[in-house]
Amino acid sequence: MEAKVGVIMGSQSDLPVMRGATEMLEKFNIPYEVEIVSAHRTPEKMLAYGKEAEKKGLKVIIAGAGGAAHLPGMVAATSTLPVIGVPIKSSNSIDGWDSVLSILQMPNGVPVATVALNASKNAGLLAIQVLATADVSLMKALYNYKEELKEQVAKMNKDLDK
């Protein structure tokens, strides 16, 4: 099945954080691709990825990056697809703030949806929500997921009584 979501990151060291996104996509049976696309070490590849994403059938791109974190914004600059940025607290990061601000502070005209530091699970869910706007069965699965979350909280409250 053709990938609907592209999950990209600047380095292999970002993969443990980005697994949260792929796990959510798998939970909802969303086909995806994963690739390392460095904005600084492979700029031509990054530009090509952004320009070709729609032609490949992708509907959403999730881009994780640490440090200067230019990947999400530069991919958004080259694509009309929604881009969800995941700031990553990396080894060269300033407590993750550099990554958060690099992704969050995009200029008008080049939006990047930004999730919390290391919150790729939320990026996966946001991508699923975008896809669900055109897929009734996926929207139903999201409703069911929200009900599961409510049940988890109810169980937590029951466990408090013990």
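Read the figures in this text as sums done on the coordinates, not as results from a lab. Since the model is a prediction, treat every value here as computed from it, not as a measurement. Virtual Cβ from ideal backbone geometry, glycine too; neighbours counted across all protein chains shown.
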Amide H contacts under 5 Å for GLY66, restricted to residues at least 5 apart in sequence or on another chain and with H modeled in the peptide plane, are GLY10, ILE88
Suppose the chain between VAL153 and GLU35 were pulled fully straight at 0.36 nm per residue; how much longer would it get relative to their current alpha carbon spacing? 38.9 nm
State which helices in the chain qualify, where a helix is a whole DSSP H run, it must extend 15 Å or more along its own axis by its Cα atoms, and its mean Kyte-Doolittle hydropathy must be at least -0.5. 15-27, 120-132
Below 8 Å, C-alpha to C-alpha, sequence gap of six or more: please give me the relative contact order for the chain in percent. 23
So what does the Cα-only Debye profile of region 1-120 read at q = 0.19, 0.22 Å⁻¹, as log10 I(q)/I(0), no solvent term? -0.93, -1.26
Along the charge dipole of region 66-162, which of TRP97, LEU126, ILE84 sits closest to the positive end, that is, farthest toward it, with unit charges on the beta carbon of Lys, Arg, Asp and Glu (+1, +1, -1, -1)? LEU126
Using the Cα centre as the reference, give the magnitude of the dipole from point charges on the C-beta atoms of the chain (Lys, Arg: +1; Asp, Glu: -1; all else neutral), rounded to the nearest 20 debye. 140
Taking the Cβ of each residue in GLU44, GLU54, GLU151 as the centre, tally the other Cβ atoms inside 10 Å and list the residues starting with the fewest. GLU44, GLU151, GLU54
